[in-house]
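To start, the structure itself, in structure tokens.
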Amino acid sequence: MSTTSTQPRDCSEISADPTVDDLRRWDREVYWHAFTQMSEYVPLLIDRAEGCTLIDVEGREYLDGVSSLWCNVHGHRHPRIDAAIREQLDRVAHCTSLGASCTTTVRLAKRIVDIAPACLQHVFFSDSGATAVEVALKMAIQYWQQCPDPQPQKTKFVALDEAYHGDTLGAVSVGGIDRFHQIFRPLLFDVLRVEAPRADRLPSGITSDEACQHYLQGVERVLAEHGDTVAALILEPLVQGAAGILVHPPGYLAGVRELTRKYGVLLIADEVAVGIGRTGRMFACEHEAVTPDILCLAKGITGGYLPLAATLATGELYRAFLGEHAELKTFFHGHTYGGNPLAAAAAIATLDVFVEEQTLQAMTPKVARMEQRLARLAQHPHVTRVRQRGLMAGVELTQDRSADQPYPWQQQRGMRVCRHALSRGVWLRPLGDVIVVMPPLAIELPQLDQIMDAIEDAINVECGQE
Ligand SMILES: *Cc1c(COP(=O)(O)O)cnc(C)c1O
């Protein structure tokens, strides 16, 4: 507090060459980590990386089983991306996007529009998935105020149960994971909710053939009643990542697109997790030939190198923001580092590598291998569900398989399984009792086997084999 700040600082600890023990202690005492109970935090100090392998300060190697949390695509220290950043560094490291531009960022904008679903013709840059979502929400609201047939009463959002869209307040408002979000409720705006369209745990009396229709009826009920006041529906297309790799029934996304059109509601696709190749296509929306009105990208867009996010919008949406200065149609929103040229250079190189290494094509055998290994895990007495789409999967643990009984959450089984996998040289991070696997797209088959072996072994040890 202010009394201590007037005292001379103790700088005795500041040394040019801290020991590993110093670093480990500072990591626990000084560095407050995201989504981490610091009183239980066991430091994992990464010093460098090569390809899909992280290397800690003691030289121990860990396969990066979660792509450094959804981000890494082509492996760490990819020569092509490294070189692109170095080259950009020799020109300019930062340049504002407020009324100015940088050649590299312009090139990236064009590159993204060229590969994005048709009609998404404009790119607004920011620096994280959460900001990409905030931008989308505010664009949607402002659009209805100043589109050719203004409907200023359209100010509400529809979002899915169990949704995750980031941790800033707008993103948390549309988020639906109570464990993370409930405590901030007093700060949040109200959202209309629809059921999370799970393909694996269906409401009673609903067969898997009826699932899609059932969930779409739920969406239609909300839109039919409230459509007049709804600005947009936001969803994570195909897979709700943070909910535990919750896979939607096929046809749901296309059905939602149809319903949002029918009721005059914008569709925001949050592809922060599923975009950039994770599902086997560059954009998840491509699987159902859907063009949303707004699409959010972040995480993998720079190959997991630097913070960059993009909010894509259609021409129709963009044109509603054009006018004389005095009309005040400008989008009054911005993030200082949005469209940073170093990050843009990394993103262009990341997209180049997709072409040069045929990354999407090369995924097919990896996705198939993951499917085989998951089918085996699905038989395990302490696994109740496995879910997969492309190169991302969730393995849900259970105390009692026949009763579909979860472990008491306090036991942190998921965390224990992941700690064990770490001792086997595989870095994973659970979502509750769901073990999440989403390696870099560049993972090789033997490495993928090593990850799946470690998970199987860890479940045997931490949960037992019967
Ligand atoms: C991670 C994530 C976000 C938030 O991204 P940040 O870069 O962490 O702000 C938003 N939406 C989805 C679907 C995500 O998975």
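The values are calculated or read from the model by the stated rules, or taken from the named source; none is laboratory data. Note that the coordinates shown come from a computational prediction; the quantities given were computed from them, not determined experimentally. So basically every Cβ, Gly included, is an ideal-geometry build from the backbone, and we count neighbours across all protein chains shown. With ligands, DNA and RNA removed, areas are computed over all heavy atoms of the protein, side chains included. Shrake-Rupley method; radii C 1.70, N 1.55, O 1.52, S 1.80 Å.
Structure values in brief
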{"quantity": "Test set (1) of a type in the set (A, V, I, L, M); (2) farther than 30 Å from residue 95 by Cβ; (3) within 16 Å of the ligand (Cβ to nearest atom); (4) out of contact with any strand residue (DSSP E or B) (no Cβ under 8 Å at 6 or more places or on another chain) - residue 187 fails condition number", "calculated": "(3)"}
{"quantity": "Checking residue 458 against (1) open to solvent by less than 50 Å² (accessible area, probe 1.4 Å); (2) under 23 Å from the mean Cα position of the chain (by Cα), the condition it does not meet", "calculated": "(2)"}
{"quantity": "Of residues in segment 416-453 being without any contact (Cβ under 8 Å) to a residue 40 or more places away in the chain and open to solvent by less than 40 Å² (accessible area, probe 1.4 Å), the one nearest to residue 299 (Cα to Cα)", "calculated": "430"}
{"quantity": "Segments classed as helices (runs of 4 or more DSSP H), wholly inside segment 159-234, with at least 3 members that are of a type in the set (Asp, Glu)", "calculated": "208-226"}
{"quantity": "Hey, residue 292 more than 13 Å from the ligand (Cβ to nearest atom) and closer than 30 Å to residue 428 by Cα or not", "calculated": "no"}
{"quantity": "Qualifying residues in segment 239-265 (those that are hydrophobic (A, V, I, L, M, F, W, C) and open to solvent by less than 10 Å² (accessible area, probe 1.4 Å)) - the one farthest from the ligand (Cβ to nearest atom)", "calculated": "265"}
{"quantity": "Single match in 203, 152, 148 (criterion: modelled with pLDDT under 95, farther than 25 Å from residue 34 by Cβ and more than 25 Å from the chain's Cα centre (by Cα))", "calculated": "203"}
{"quantity": "Those residues of segment 350-361 which are in contact (Cβ under 8 Å) with a residue 24 or more places away in the chain and either under 20 Å from the mean Cα position of the chain (by Cα) or more than 19 Å from residue 297 (Cβ to Cβ) (or both), in sequence order", "calculated": "350, 351, 354, 356, 357, 359, 360"}
{"quantity": "Qualifying positions in segment 202-216 - farther than 12 Å from residue 256 by Cβ and surrounded by 12 or more Cβ atoms within 10 Å (Cβ to Cβ)", "calculated": "202, 203, 206, 210, 211, 213, 214"}
{"quantity": "Selected residue (criterion: most open to solvent (accessible area, probe 1.4 Å)) from residues of segment 301-320 that are over 17 Å from residue 268 (Cα atoms) and hydroxyl-bearing (Ser, Thr, Tyr)", "calculated": "305"}
{"quantity": "Residues within segment 26-35 that are part of a helix (DSSP H, G or I) and open to solvent by 40 Å² or more (accessible area, probe 1.4 Å), tallied", "calculated": "3"}
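One line per residue, one yes/no per condition, for (1) among the β-branched types (Val, Ile, Thr); (2) within 16 Å of the ligand (Cβ to nearest atom); (3) in contact with a helix residue (DSSP H, G or I) (Cβ under 9 Å, 6 or more places away or on another chain):
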site: 107; (1), (2), (3): no, no, yes
site: 113; (1), (2), (3): yes, no, no
site: 125; (1), (2), (3): no, yes, yes
site: 134; (1), (2), (3): no, yes, yes
site: 141; (1), (2), (3): yes, no, no
site: 150; (1), (2), (3): no, no, yes
site: 154; (1), (2), (3): no, no, yes
site: 168; (1), (2), (3): yes, yes, yes
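Here is a yes/no grid of residues against (1) open to solvent by 10 Å² or more (accessible area, probe 1.4 Å); (2) in contact with a strand residue (DSSP E or B) (Cβ under 6 Å, 6 or more places away or on another chain); (3) closer than 19 Å to residue 84 by Cα:
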| position | (1), (2), (3) |
| --- | --- |
| 330 | yes, no, no |
| 335 | yes, yes, no |
| 340 | yes, no, yes |
| 349 | no, no, yes |
| 352 | yes, no, yes |
| 357 | yes, no, yes |
| 362 | yes, no, no |
| 367 | yes, no, no |
